[in-house]
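A.B. asks: Take this structure, written in structure tokens, and hold onto it; I'll ask about it next.
Only the coordinates and a few stated rules stand behind these numbers; no lab work does. Bear in mind that the values here come from a model prediction, so they are computed numbers and not experimental data. All Cβ positions, even for glycine, are placed from backbone atoms using ideal geometry, and neighbour counts span all protein chains on display.
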Amino acid sequence: MPIENYGVLKGRITECRAERHGRTPHYHIRVRAAGVDARVSINVQSYDRFRPDLLYRVDDDFRHPVTQRLAGLDDGWHDGVPGPDGLAVDYVRGGMLRREQMRPLPHDVPGADNDLNDRLDALIRKACDDPEVQVYAFGSAWGPERSERDDVFRFLPGRGVHNVHMNQGTPRHDRHAYDNGIWQDGALLLHLKRERKWVAVFLAFQTQRWETDAAGYPGRGAPGRADPHVASTSRPGSGRRRVKTGEGVRILTADVNPVGDDRGIETVTLENTAAMAVRLDGWQLDNGESDRFALDGELAPGARLVVRLPVEVALSNRGGRILLLDAGGKEVDAVIYTRDQVREEGRPVRF
């Protein structure tokens, strides 16, 4: 069944707090709306221990007809109205973003501006400092809990919004499959009046599928594009995932669990799909734990390069991700593999 109490909260951000510990940490926002306080709780990590990183997309110049409907709302809570002309968000049907625009990001990585908490904090703290910024939080409302103070910000009565993420496409065997539905996805939108623009934040779990049926369950041939992140389950090696695509140098295979002692003999194979040679000087391979190996040389059109990783840049046999970064540190390609993909020794994962 769909999530309960779906709609959108409009107000002004007054306080925020990142959460970096616990099994399912959230980023919390205190919103003042029509004289009432509410907490918007945003998932920053999944309970799935094999794929804990959420997929996220920040559109810093969001343009969509829904913004016109939102701008005319009064502060406070508004029940959702499903449909393309209503007051609702649907990642699959709404034309707001494409799945390939989203990428996974950990919630807690040492350093500045390199994890999901950091990215949200940069946006939200800027909104706190500007009284002209209005926030619109799509999700599921709870409360008021008249006898209970808010768990995070301690205002009374406790109330707020959660499920600020995609709420469809969850596999039927998943414990959250009962939340599936269409025109009920969560999102966070900021209206920056001084700059005359909108910023949108979209979040999804890696287990969620992009093609869904009329009830919001994964369905072949349903509306939406084929999910480029999920290989067909009818092929050997299903579960391998590509999280960023495009013409140029890509990660082709990874020998994560070679025969014998893995240390110092794991390899990643790169392929140049572009029509011109690419200089790799200054490029790096990242093992998903911020350990990086520097590349150099030139990769001709159509050529492949087998990169042998040192012990310091080991790949985890428990599942993980591999990133290819250019000389400026920009992500060129990124892939995800699971524990099942690398359980068998000597069998590389092909992406």
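A.B. asks: Report, to the nearest 10°, how far helix 116-128 tilts away from the longest principal axis of the Cα atoms in the chain, using its own Cα long axis and a range of 0 to 90°.
C.D. replies: 30 degrees
A.B. asks: GNM, the chain, Cα, under 10 Å: largest mean-square fluctuation among Ala314, Ala187, Ala215?
C.D. replies: Ala215
A.B. asks: How large is the helix-only mean residue ellipticity at 222 nm for the chain, computed as the sum of -39500 (n - 2.57) over DSSP H runs with n ≥ 4, divided by its residue count, in deg cm²/dmol to the nearest 500? Write out the running numbers ahead of the final one.
C.D. replies: Values: 2 runs with 19 residues, N = 351.
So the calculated ellipticity at 222 nm is -1500 deg cm²/dmol.
A.B. asks: I would also like to ask the following. What's the extension gain from Ala277 to Glu195 if we count 0.36 nm per residue and subtract their Cα-Cα distance? Mind dumping the intermediate values first?
C.D. replies: On the way: separation 82, 0.36 × 82 = 29.52 nm, distance 4.07 nm.
Here the segment from Ala277 to Glu195 would lengthen by 25.5 nm.
A.B. asks: Could you list the residues of region 171-194 with an amide nitrogen less than 18 Å from a label point located 7 Å from the Cα of Phe50 in the Cα-to-C-beta direction?
C.D. replies: 171-177
A.B. asks: Give the separation of the Cα centroids, region 128-152 to region 15-47, in Å.
C.D. replies: 8 Å
A.B. asks: If you split all Cα-Cα distances of the chain into 20 Å bins from zero, what percentages do you get per bin, shortest first?
C.D. replies: Final binned percentages: 29, 54, 17, 0.
A.B. asks: Choose one answer from Arg194, Arg20, Arg119: the residue with the largest mean-square fluctuation in a GNM of the chain with alpha-carbon springs under 10 Å.
C.D. replies: Arg194
A.B. asks: Label points 7 Å out from Cα along the Cβ direction at Arg175 and Cys128: separation in nm?
C.D. replies: Label-label distance for Arg175 and Cys128, simple model: 3.2 nm.
A.B. asks: At a Förster distance of 22 Å, what's the computed FRET efficiency of Ala34 paired with Asp118, Cβ-Cβ distance as r, to 0.05?
C.D. replies: Details: r = 31 Å, r/R0 = 1.40.
Approximately 0.10, to the nearest 0.05.
A.B. asks: Any idea what diffusion coefficient region 6-204 gets from Stokes-Einstein, in µm²/s, Kirkwood Rh on alpha carbon pairs, 4 °C, 1.567 mPa s? Could the numbers behind the result be given before it?
C.D. replies: Numbers: Rh = 17.0 Å.
Taking Rh from Cα pairs, D becomes 76 µm²/s.
A.B. asks: Let me ask something additional. Which parts of region 248-279 would a label at Asn317 reach, counting a residue when its backbone N lies under 17 Å from a point 7 Å out along Cα-to-Cβ?
C.D. replies: 254-267
A.B. asks: Oh, and also: R0 = 30 Å: FRET efficiency of His21 with Ala294, Cβ-based, nearest 0.05?
C.D. replies: Values: r = 33 Å, r/R0 = 1.09.
Efficiency for this residue pair is about 0.35.
A.B. asks: When the chain is treated as a GNM, springs tying every alpha-carbon pair under 10 Å, which of Asp37, Asp60, Asp281 comes out with the largest mean-square fluctuation?
C.D. replies: Of Asp37, Asp60, Asp281, the most mobile in the Gaussian network model is Asp281.
A.B. asks: In µm²/s, what is D for region 1-66 at 10 °C and 1.306 mPa s, where D = kT/(6 pi eta Rh) by Stokes-Einstein and Rh is the Kirkwood radius from Cα pairs? All intermediate terms of the calculation are to be shown ahead of the outcome.
C.D. replies: Numbers: Rh = 14.4 Å.
Once the numbers are plugged in, D ends up at 110 µm²/s.
A.B. asks: Taking region 241-350 on its own, what percent of its Cα-Cα pair distances exceed 21 Å? Please report the intermediate quantities before stating the final value.
C.D. replies: Numbers: 1722 of 5995 pairs.
Value for region 241-350 (Cα pairs over 21 Å): 29 percent.
A.B. asks: Can you count the Lys pairs in the chain with C-alpha separation below 20 Å, eight or more apart or on different chains?
C.D. replies: The result is 6.
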